[in-house]
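Laboratory data are not the source of any read-out in this text; all were calculated from the coordinates shown. Predicted model, so just to flag it, every value in this text is computed and none were measured. Methodologically, a virtual Cβ is constructed for each residue, glycine included, from the backbone with ideal geometry; neighbour enumeration extends over all protein chains shown.
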Amino acid sequence: MNTTPASGFRLFYIDDSGAHDSGYSTYTWLQLDPAHWVHAEQTWMRYRHELLRRHGIPVSYVLHATDLIAGRPTSHGSTAVPRAQGAEIVHDGLTVIAGLPGLTVGTVYRQHQPHQPGRTKYDLYQALVAHLDADLRAENTAGMVFLDGARNQEFVNAHRSLATGRRLIEEPQPRPATHDQWVQMADLVAYSAYQSIARRASKHRIWHWYPSILGHLDRHGGPIPL
């Protein structure tokens, strides 16, 4: 797989995961060289059309890992698919993502402060953008972040707090999952990364998905505390 920089720019598609009772907050990113965007998008859309052919799931169906694994309707109004089918869709989607050109992934995590999971989430995001900005400086390039959901001022402030001459340009760009396949891809990867950290007994079959399917794309070799 060719992940050699070609454009001198990076796109970061970021999604969070975690649960209050697990004690962890996580962020996972897909880092893409935009020179490979068209090929990667076409590869992913072939998979989406394959889902339509095999399972009758239209391209407009929002892939949300938590709902697919649980076999329940998605939070975006899509109808439920059977649990076994949902797990297959997530697993196969991760396999497709693992083969996309120009892509690397990464995950950071932090244990919650007592009774402060929300604060931990924002603090971890601030640490993440500083981490990514430092990487971009080391590579003498720049990048832009895309996040699931609506504009969040705390996330904006995290970017504005970076040092003068920051390499993560502009504000983080909000991208609703209903309209963005890349955000849906980030969700699948973030879910698998979180399960490899939380290691809940009920999800034991998923623990290995992130390291075994995507581990070769993780520049840190796996999730790192931050």
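Structure above, values below:
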{"read-out": "Anisotropy class of the stretch 91-226 from Cα gyration tensor, a/c 1.5 cut", "value": "prolate"}
{"read-out": "Cβ-derived FRET efficiency at R0 22 Å, ALA201 paired with ALA84, nearest 0.05", "value": "0.70"}
{"read-out": "In the stretch 137-226, GluC sites (Glu not before Pro) in a DSSP loop with at most 16 other beta-carbon atoms within 10 Å", "value": "GLU170"}
{"read-out": "Other-chain or far-sequence residues with amide H under 5 Å of ARG72's (modelled H)", "value": "VAL81"}
{"read-out": "Trypsin sites (Lys or Arg not before Pro), loop per DSSP, at most 14 other Cβ atoms within 10 Å - longest free stretch of the chain", "value": "1-150"}
{"read-out": "Residue-by-residue Karplus 3J(HN,Hα) for the stretch 42-58, coefficients 6.51, -1.76, 1.60, Hz, glycine and proline x", "value": "5, 4, 5, 5, 5, 5, 4, 6, 5, 4, 5, 5, 7, 10, x, 9, x"}
{"read-out": "Over the chain: helical MRE at 222 nm, DSSP H runs n ≥ 4 each giving -39500 (n - 2.57), nearest 500", "value": "-13000 deg cm²/dmol"}
{"read-out": "DSSP bridge orientation in the chain - percent antiparallel, rounded to nearest 5", "value": "60 percent"}
{"read-out": "Segment THR95-ILE224, extension gain: residue separation times 0.36 nm, minus the distance between their alpha carbons", "value": "44.2 nm"}
{"read-out": "Simple label model, 7 Å out from Cα along Cβ direction - ALA35 to GLU170, nm", "value": "2.1 nm"}
{"read-out": "Among ALA150, ALA65, ALA87: highest mean-square fluctuation, GNM of the chain, C-alpha pairs under 10 Å", "value": "ALA150"}
{"read-out": "Max mean-square fluctuation residue, GNM over the chain, Cα-Cα springs under 10 Å, options ASP135, ASP16, ASP67", "value": "ASP135"}
{"read-out": "For VAL105, distant residues with modelled amide H under 5 Å away", "value": "GLN31, ASP218, ARG219"}
